[in-house]
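K.L.:
Please find one structure pasted underneath; my questions will follow.
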Amino acid sequence: MDESVATTTSPSSSSLPPPPPLPPPEEPEPKKLKMSTTTSDDETTNTDPNSIDRKPRYKRRKIAIFLAYCGVGYQGMQKNPGAKTIEADLEEALFQSGGIPEPDRGNPKRFDWARSARTDKGVSAVGQVVSGRFYVDPPGFIDRLNSHLPDQIRVFGFKRVTNSFSSKKFCDRRRYVYLIPVFALDSSAHPDRESVLASLGSENELSKCLECPDRGRKVLGVMGKRKIIESKTLEVDGIDVVAQTETTETESGFVLNNDGTENENVELESKDSGVELLVETGGSEEVGSGLVKNSNGDGKAGKKSVFSYGEKEKEKFNRILSRYVGTHNFHNFTTRTKAEDPAAKRFIISFDANTVVNVEGVDFVKCEVVGQSFMLHQIRKMVGLAVAVMRTGAPESLIDVALQKDVNFTAPTAPEVGLYLDECFFTSYNQKWKDTHEEISMKDYAEEAEDFKMKQIYPHIGSTELKEGSVGIWLHSLNHRNYPDLNYLEANKVSKNGLAEETAAVPSVPVESVA
């Protein structure tokens with residue numbers, strides 16, 4: 001037994017063949033670097049750690065980017081296929097500057113994209129904030145980013161934030177500014193054509209607006225027939241004779257002779273020359289903005305009473321705007337949002353208009369509204385209804401009616417050109433992370449933002465009003481005929497306090513922020 005074991009367990013080692021040689025170890029392929037400041041991604045990378053040509057390796061950083069833009073020519077902030085948007089240009093600039101890799105291009109979810117506010121078409125911004133994960137380590141990131149953006153979009157800088165940060169979710173409130181021309185609050189400035197024609201021949205005759213691009217247009221179905229008697233001095237056999245011609249003005253604005261035919265030589269406006277005939281008002285004629293020509297024939301130019309945004313007007317307008325403050329149902333101040341939708345409830349923190357600024361020779365009232373969040377067209381409709389109440393004589397309680405959940409109300413929409421996003425606030429975030437992260441605010445970029453506003457946004461607002469008269473044209477339509485709901489209180493037998501006679505006021509209750 002012992003011998004057999006010895007025989008099987010101790011063979012001669014020299015009788016076994018030598019083991020085959022092992023293959024040489026294969027070196028792993030170098031990983032493809034995400035970004036490089038010297039070579040492109042498809043170029044060969046030197047893996048020698050001591051080589052000076054080795055491509056650096058960068059990490060993505062979660063950051064908040066501060067920027068401003070002038071909204072002219074853009075279809076709003078949010079990216080929309082087929083439309084020219086701020087986000088589309090900004091995303092492309094981030095890719096061109098190396099902040100976004102090729103695989104993530106066109107896919108915002110890959111780099112955790114978020115925006116603080118979704119501004120509408122034509123709306124500008126001074127303190128917009130966006131967030132995401134980008135490659136920002138190479139020096140000069142902001143300069144490279146701005147080099148790929150048009151002049152009307154400017155990035156001020158960025159700050160590191162927590163991994164969970166979202167510029168939309170962590171934004172506590174937003175402040176918007178709407179610049180409304182001072183003349184928009186004057187009921188006699190830029191009156192609608194219907195009111196001008198209806199006032200002819202009365203003691204309260206209105207002067208025709210001479211500065212609007214749509215001047216000279218006829219208005220159908222506005223007024224009834226009106227007798228027009230013209231006196232002409234004719235010389236008959238050497239004797240001056242005064243002859244009178246009676247004509248009738250129809251609803252269409254044309255003038256009829258005594259036989260019922262149209263008189264092509266007499267019109268309220270001269271369509272051949274493109275210049276309106278002056279309408280006498282209180283012994284004078286309006287010849288320009290704020291100037292009148294005396295009717296006594298002395299040819300001297302006098303100054304008519306000019307509307308100003310004084311203390312009385314300021315107090316009234318601020319009182320009107322203050323009715324929006326608090327939590328209300330704003331379903332009448334947006335589109336596609338039903339009264340039952342929780343998103344219709346919004347909290348307005350403040351709304352005032354205390355400052356007048358002069359832009360391109362035009363005085364504007366600076367309306368500042370601060371709220372948790374806003375819906376599509378909400379601010380423009382809030383301003384539109386407030387201006388309508390200010391200049392048309394509608395009761396201030398009309399705003400309270402428009403804010404009721406069970407009322408369907410059509411509010412006027414002010415032009416978009418005067419609106420811009422002024423600043424976004426992150427109070428809770430800054431308080432929570434003040435010991436470990438930088439404060440997210442515009443304090444460090446205040447001078448740059450003010451400079452951009454004065455060079456890009458304000459000149460655009462002023463020049464647009466001067467060239468296109470957007471607010472002036474809008475005011476021509478701001479009347480009870482185009483907006484019948486301005487007569488809502490009277491038509492629905494609602495008392496002056498804004499409540500139906502058989503109903504009681506429903507107090508509003510603050511709610512949490514709605515994104």
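The values are calculated or read from the model by the stated rules, or taken from the named source; none is laboratory data. Here the structure is a predicted model, which is why all the values come from computation and not from measurement. All Cβ positions, even for glycine, are placed from backbone atoms using ideal geometry, and neighbour counts span all protein chains on display. Ligands, DNA and RNA are excluded from the accessible area calculation, which covers all protein heavy atoms including side chains. Shrake-Rupley method; radii C 1.70, N 1.55, O 1.52, S 1.80 Å.
K.L.:
Among what's in the stretch 93-110 and is among the hydrophobic types (A, V, I, L, M, F, W, C) and not in a loop (DSSP other than H, G, I, E, B), pick the residue that is farthest from Val155 (Cα to Cα). Walk me through how you get there before you give the answer.
P.N.:
The first filter runs over the stretch 93-110 and keeps only residues among the hydrophobic types (A, V, I, L, M, F, W, C), leaving 93-95, 100.
Then keep just the ones that are not in a loop (DSSP other than H, G, I, E, B); that gives 93-95.
Working: Ala93: 11, Leu94: 11, Phe95: 15 Å.
So, considering only residues that are among the hydrophobic types (A, V, I, L, M, F, W, C) and not in a loop (DSSP other than H, G, I, E, B), the one farthest from Val155 (Cα to Cα) is Phe95.
K.L.:
Hey, another quick one. Just one of the numbered conditions (1) at pLDDT below 90; (2) hydrophobic (A, V, I, L, M, F, W, C); (3) in a helix (DSSP H, G or I) is not true of Val509; which one?
P.N.:
(3)
K.L.:
Let me ask something else about it. Can you tell me which residue is most open to solvent (accessible area, probe 1.4 Å) among those in the stretch 164-177 that are within 20 Å of Leu419 (Cβ to Cβ) and charged (D, E, K, R)?
P.N.:
Lys168
K.L.:
Out of Ile461, Ile457, which single residue is in a helix (DSSP H, G or I), at pLDDT 95 or above, within 30 Å of Phe183 (Cβ to Cβ) and in contact with a helix residue (DSSP H, G or I) (Cβ under 6 Å, 6 or more places away or on another chain)?
P.N.:
Result: Ile461 is the single residue among Ile461, Ile457 that is in a helix (DSSP H, G or I), at pLDDT 95 or above, within 30 Å of Phe183 (Cβ to Cβ) and in contact with a helix residue (DSSP H, G or I) (Cβ under 6 Å, 6 or more places away or on another chain).
K.L.:
If you don't mind, there's one more thing I want to ask. Considering Ser397, Ser373, which residue is open to solvent by less than 40 Å² (accessible area, probe 1.4 Å), in contact (Cβ under 8 Å) with a residue 24 or more places away in the chain, polar (S, T, N, Q) and within 20 Å of Arg319 (Cβ to Cβ)?
P.N.:
Ser397
K.L.:
OK, next. Give me the residue from the stretch 53-92 that is among the hydroxyl-bearing types (Ser, Thr, Tyr) and not in a strand (DSSP E or B) and, out of that set, most open to solvent (accessible area, probe 1.4 Å). Walk me through how you get there before you give the answer.
P.N.:
Within the stretch 53-92, the first condition is being among the hydroxyl-bearing types (Ser, Thr, Tyr), and the residues that meet it are 58, 69, 74, 85.
When the remaining residues are screened for being not in a strand (DSSP E or B), the result is 58, 74, 85.
Values: Tyr58: 51, Tyr74: 7, Thr85: 1 Å².
If we take residues in the stretch 53-92 being among the hydroxyl-bearing types (Ser, Thr, Tyr) and not in a strand (DSSP E or B), then Tyr58 is most open to solvent (accessible area, probe 1.4 Å).
K.L.:
Mind listing whichever residues of the stretch 313-350 are part of a strand (DSSP E or B), open to solvent by 10 Å² or more (accessible area, probe 1.4 Å) and without any contact (Cβ under 8 Å) to a residue 60 or more places away in the chain?
P.N.:
Correct list: Ser350 only.
K.L.:
Residue check, Gly472 against (1) open to solvent by 20 Å² or more (accessible area, probe 1.4 Å); (2) under 21 Å from Arg391 (Cβ atoms); (3) not in a loop (DSSP other than H, G, I, E, B), all met but one. Which one?
P.N.:
Exception for Gly472: condition (1).
K.L.:
Examine the stretch 437-457 for a residue that is among the hydroxyl-bearing types (Ser, Thr, Tyr) and assigned by the TED database to the domain that holds Arg336, and state whether such a residue exists.
P.N.:
No, the stretch 437-457 contains no residue that is among the hydroxyl-bearing types (Ser, Thr, Tyr) and assigned by the TED database to the domain that holds Arg336.
K.L.:
Looking at this structure, is Gln404 in contact with a Gly (Cβ under 9 Å, 6 or more places away or on another chain), over 28 Å from Cys70 (Cβ atoms) and open to solvent by 20 Å² or more (accessible area, probe 1.4 Å)?
P.N.:
The answer is yes for Gln404.
K.L.:
In the set Ser97, Ser15, which member is open to solvent by 40 Å² or more (accessible area, probe 1.4 Å), modelled with pLDDT of 60 or more and polar (S, T, N, Q)?
P.N.:
Exactly one residue qualifies, and that residue is Ser15.
K.L.:
Restricting attention to the stretch 178-215, report how many residues are farther than 26 Å from Val365 by Cβ, modelled with pLDDT under 70 and crowded, with 19+ Cβ neighbours inside 10 Å.
P.N.:
Counting residues in the stretch 178-215 that are farther than 26 Å from Val365 by Cβ, modelled with pLDDT under 70 and crowded, with 19+ Cβ neighbours inside 10 Å gives 0.
K.L.:
Now a separate question. Tally up the residues in the stretch 416-441 that are assigned to a loop (DSSP other than H, G, I, E, B), in contact (Cβ under 8 Å) with a residue 24 or more places away in the chain and open to solvent by less than 20 Å² (accessible area, probe 1.4 Å), please.
P.N.:
Looking only at that region, the number is 2.
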